[in-house]
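Read the figures in this text as sums done on the coordinates, not as results from a lab. Fair warning: this is a prediction, and the values are worked out from it, not measured in the lab. As a convention, Cβ positions derive from the backbone with ideal geometry for all residues, glycine included, and neighbour counts pool all protein chains shown.
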């Protein structure tokens, strides 16, 4: 009895592995930028930052903060311009992008947390800051 059950598990495992080879993989590319100025504008529903109160949507940090801005669903697009001392990188109309900004100081405005504007989703976002590290991942 145990031997037949073991054979069934082996056959089911082989079939599962065979079907896993047909699942398409997602290719993502991550670019790293160090000590750069970044300008981000567009529409997104997700801006993550720890311990922030954005009651009117505007945030100007006194101490350096970290942010993650993502656009993954339909209708969300982000544009980013990263200015480094010797070069620049431009990401225009990306629908599947995640931007992680580490130790940034600048001006951040996201309409998603604004009590002054009640706009439809996705919400506009604008940000200009100088950051120590920036990771841009496109899918």
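Adding -39500 (n - 2.57) for every DSSP H run of four residues or longer, then dividing by how many residues the chain holds, sets the calculated 222 nm ellipticity at -4500 deg cm²/dmol. Annotation: the residues 12, 134, sorted from fewest to most other C-beta atoms within 10 Å of their own C-beta, follow the order 12, 134.
Rounded, prolate or oblate, given the Cα gyration tensor of region 67-110, with a/c below 1.5 counting as rounded? Here region 67-110 falls in the oblate category. Remark: spin-label model distance residue 139-residue 32 equals 2.3 nm, labels positioned 7 Å along the Cα→Cβ axis.
Each Cα pair under 8 Å and six or more residues apart adds its separation to the average, and for the chain the resulting relative contact order is 33 percent.
When the inverse distances between all different Cα atoms of the chain are averaged and flipped, the Kirkwood radius reads 17.2 angstrom.
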